[in-house]
1. Counting only the backbone N, which residues of the range 88-120 are under 19 Å from the spot 7 Å out from the Cα of residue 129 toward its beta-carbon?
2. Using only helices, what value at 222 nm comes out for the chain when you add -39,500 (n - 2.57) per DSSP H run of length 4 or more and divide by the total residues, to the nearest 500 deg cm²/dmol?
3. Would you mind computing the Rg to Rh ratio of the range 1-127 from its alpha-carbon coordinates, Kirkwood style for Rh?
4. Suppose R0 equals 35 Å. What FRET efficiency, 1/(1 + (r/R0)^6) with r the Cβ-Cβ distance, do residue 212 and residue 32 give to the nearest 0.05?
5. Which residue fluctuates most in the GNM of the chain (Cα springs below 10 Å): 154, 214, 108?
6. What order do you get for 202, 187 when you list them from fewest to most C-beta neighbours inside 10 Å?
7. What are the ³J(HN,Hα) couplings of the range 96-110, residue after residue, when phi is run through the Karplus curve with 6.51, -1.76, 1.60 and θ = phi - 60°? Round to Hz, x for glycine and proline.
8. Going Cα to Cα from residue 129, which lysines come in below 21 Å? Please leave out same-chain ones fewer than 8 positions away.
Amino acid sequence: MNRLTRITAVLIQLQSKRIVTAKEIAERFEVSLRTVYRDIKTLQDAGVPIGSENGVGYFIVDGYKLPPISLTEEEANALITSENFIKKQGDKSLVRNFNSLLIKIKATLKNLQKDNLELLSSRTYSFRKGEIFESNWLSEIQRSISSKTQLKITYKSLYKKELTNRKIEPQAVYFINNAWIVITFCHLRNEVREFRLDRIIHLYSTLEPFQKLTNFNLQEYFESFQT
């Protein structure tokens, strides 16, 4: 992330809560506290009204807002519930992207709404049963599905424990038994195959368009196993 992008993201984060600590910002962007102080100074020099409380954190002076998003209280509460589930579904890329989205949305809310969301967040919990198989590829695979471009992966099979390099055309993803699965056309096996995302060791994007499947239907795919 370049500095301009980070500073813009810091501004959005500052608007997501009543008070944001330098430590929170540093941990989110994996930078030093000195870098955080420098970024805050840059925003202040640009005219952004950022105040501070010694030993507490930074805040945006009331009245400075991004263009508002009109959310009902029920819609905002649904985001908190979704956040709780997403944090425990296993894919780190989805967690990162959802957290970024949530911060942007919170940045547009009024202080009372922010306080209510913080309270609800601390009072909402979901239990998970069994081991979650962590992955970090869901966002890249979703991008491949929407752009219809092939991926190259290195895959470690579940039973044989062997590594294979494959070129795939992802068609759909689903979550079952605490693991994310991608349905894809596999060029190595020349057929539709399923791969667990947590078994993918490396993943590379390509600019090559899909060649094999053009009219995949997820419902028909699942129904084919019931007949």
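1. What the label zone holds, given the 19 Å backbone N cut-off, is 88-90.
2. Result for the chain, helices only: -12000 deg cm²/dmol.
3. 0.96
4. On the way: r = 48 Å, r/R0 = 1.38.
So the FRET efficiency works out to roughly 0.15.
5. 214
6. Details: 202 11, 187 15.
The fewest-first ordering by Cβ neighbours comes to 202, 187.
7. Coupling constants for the range 96-110: 4, 5, 5, 4, 4, 4, 5, 4, 5, 5, 4, 5, 9, 8, 6 Hz.
8. Here the lysines satisfying the reach criterion relative to residue 129 are 87, 88, 92.
Since every read-out is calculated from the coordinates, none of them should be taken as a lab result. The structure displayed is predicted, hence computed values, not measured ones. Positions of Cβ are backbone-derived with ideal geometry, glycine not excepted, and every protein chain shown enters the neighbour counts.
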